Amino acid sequence: MIAVALKGRDFLRVNDWASDELLFVLELADRLKARQREHIDHRHLEGRTLGMIFQKPSTRTRVSFEVGMFHLGGTALYLAAGDLQLGRGETIKDTARVLSRYLDGIMIRTFAQSDVDELAAQADIPVINGLTDQFHPCQALADVMTIRERLGEFDGVRVAYLGDGNNVCHSLMVACAKLGMDFVAATPEGYGPDENVVGWAREAAEASGGSVELGHDPRAAAQGADVLYTDVWTSMGQEEERDRRLRDLEAYRIDDALVALASERAIVLHCLPAHYGEEITEEVLYGPRSAVWDQAENRLHSQKALMASVIR
Ligand code: CP
Ligand code: NVA
């Protein structure tokens, strides 16, 4: 494994990290997963503390970070943003300064990416993005870990993302491009990924030998794909748009007919939570191609590797 120095680094967006750095964390994640299975001690962060600021709900992110920190010998604190003075007007800057005196790392889930960037700029400790409106980099780490675990490689893997070109799509697209995979997104008109992010992904793909394609036809994207990926059609904070989104995204559901177009080795991924009958059918979610439960489990292992790599 290539030795890379990651102590003290933030993880704010996949694009901030080099491919070698991502691979380092992924390899550690595989090793930590094996150690946990074999009950081998891996307390790399004995006595360290992680603050977890949540401004949106969470099941996987909250539990996997908290349990992960416990496995590593440290402690995690759940900090509901509304219960902090942050919710009463204390600035991000002052919050960052004070938390840096108590904690060894901060994980934050919030709305604006700029708030996470500001927190990281003002904090003396590593900041990890646990989801913003624009990105979900920790999810992408678990996603690519699951792809390699199931398919054995990144080279030549064709990943088709179907549905809303959202935060999950953005982080997955850049991660796939950095690791040399062929990524295609099929989204309705008006639901495509951010052009800047597509630009980063295309640049990364050029360097890695991967590719990034955008389109509107879910069947064309699914044809021969090794990974079919979807996410909710209505993300947190978009609840008022739900009726329109259900109508516009109707043709992008992953069902058995779409899975039949994919390659023989194809797996289905979904970051969860799932809405049966909307972006994915219950049959596919629980079907033989689904790798979503491993994918959810891998949030734990990949984030343990991330924390062990960046927290001093
Ligand atoms: N996939 C994901 O981030 O799940 P939670 O919203 O439950 O954390
Ligand atoms: N795109 C979804 C992901 C949930 C994990 C959201 O932002 O709500």
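Confirm whether ASP133 is charged (D, E, K, R), in a loop (DSSP other than H, G, I, E, B) and within 16 Å of ligand 2 (Cβ to nearest atom). Can you show your working first?
Working: charged (D, E, K, R): yes; in a loop (DSSP other than H, G, I, E, B): yes; within 16 Å of ligand 2 (Cβ to nearest atom): yes.
In short, yes.
Of all the criteria given as (1) buried (at least 23 other Cβ atoms within 10 Å of the Cβ); (2) touching a helix residue (DSSP H, G or I) at 6+ places or on another chain (Cβ under 6 Å), the one not satisfied by VAL116 is (2).
Restricting attention to region 235-257, the residues being touching a residue at least 24 places away in the same chain (Cβ under 8 Å) and over 24 Å from THR146 (Cα atoms) number 7. In this structure, ALA225 qualifies as part of a loop (DSSP other than H, G, I, E, B), under 21 Å from ALA201 (Cα atoms), modelled with pLDDT of 95 or more and not hydroxyl-bearing (Ser, Thr, Tyr).
Suppose we filter region 258-288 for residues that are in a loop (DSSP other than H, G, I, E, B) and free of Cβ contacts under 8 Å to residues at least 60 places away in the same chain; how many remain?
Within region 258-288, the first condition is being in a loop (DSSP other than H, G, I, E, B), and the residues that meet it are 260-266, 271-275, 277-279, 281, 286-288.
When the remaining residues are screened for being free of Cβ contacts under 8 Å to residues at least 60 places away in the same chain, the result is 260-261, 264, 266, 274-275, 277-278, 281, 286-288.
Number of matching residues: 12.
Which is at negative phi, among the hydrophobic types (A, V, I, L, M, F, W, C) and part of a helix (DSSP H, G or I), of LEU246, LEU214?
Numbers: LEU214 fails: part of a helix (DSSP H, G or I).
Of LEU246, LEU214, the one residue that is at negative phi, among the hydrophobic types (A, V, I, L, M, F, W, C) and part of a helix (DSSP H, G or I) is LEU246.
Scan region 211-253 residue by residue and report those that are open to solvent by less than 20 Å² (accessible area, probe 1.4 Å) and more than 16 Å from ligand 2 (Cβ to nearest atom). VAL212, PRO218, ALA221, ALA222, ALA225, ASP226, VAL227, LEU228, listed by residue number. Looking at this structure, is ILE128 open to solvent by less than 10 Å² (accessible area, probe 1.4 Å) and closer than 17 Å to ARG9 by Cα? Yes.
Each residue in region 244-275 was checked for being within 16 Å of ligand 1 (Cβ to nearest atom) and either in contact with a Gly (Cβ under 8 Å, 6 or more places away or on another chain) or aromatic (Phe, Trp, Tyr) (or both), and 1 of them qualify. Only residues that are within 16 Å of ligand 2 (Cβ to nearest atom) and open to solvent by 30 Å² or more (accessible area, probe 1.4 Å) were counted in region 254-273, giving 1.
If I filter region 141-152 for residues that are within 22 Å of ILE267 (Cβ to Cβ), without any contact (Cβ under 8 Å) to a residue 60 or more places away in the chain, open to solvent by 30 Å² or more (accessible area, probe 1.4 Å) and part of a loop (DSSP other than H, G, I, E, B), do I get at least one hit?
Yes, region 141-152 has at least one match.
Candidates in region 13-58 are the residues that are within 16 Å of ligand 2 (Cβ to nearest atom) and out of contact with any Leu (no Cβ under 8 Å at 6 or more places or on another chain); of these, the one that is farthest from GLY237 (Cα to Cα) is ARG13.
Comparison of ARG43, ARG48, ARG88, ARG97 shows that the only residue that is away from ligand 1 (no atom under 16 Å from the Cβ) and at pLDDT below 95 is ARG88.
Residue pairs whose Cβ atoms lie under 8 Å apart, sitting 6 or more positions apart in sequence or on different chains, and linking a residue in region 48-71 that is free of Cβ contacts under 8 Å to residues at least 40 places away in the same chain to a partner that is open to solvent by less than 50 Å² (accessible area, probe 1.4 Å) and away from ligand 2 (no atom under 16 Å from the Cβ), are GLU66/ALA76; PHE70/ALA76.
Determine whether THR281 is open to solvent by less than 30 Å² (accessible area, probe 1.4 Å) and within 14 Å of ligand 1 (Cβ to nearest atom). Step through it out loud before you land on a result.
Numbers: open to solvent by less than 30 Å² (accessible area, probe 1.4 Å): yes; within 14 Å of ligand 1 (Cβ to nearest atom): no.
No: the conditions fail for THR281.
The values are calculated or read from the model by the stated rules, or taken from the named source; none is laboratory data. Here the structure is a predicted model, which is why all the values come from computation and not from measurement. Cβ: placed from backbone, ideal geometry, glycine included. Neighbour counts: every protein chain shown. Surface areas here come from the heavy atoms of the whole protein model, side chains and all, with no ligands, DNA or RNA. Shrake-Rupley method; radii C 1.70, N 1.55, O 1.52, S 1.80 Å.
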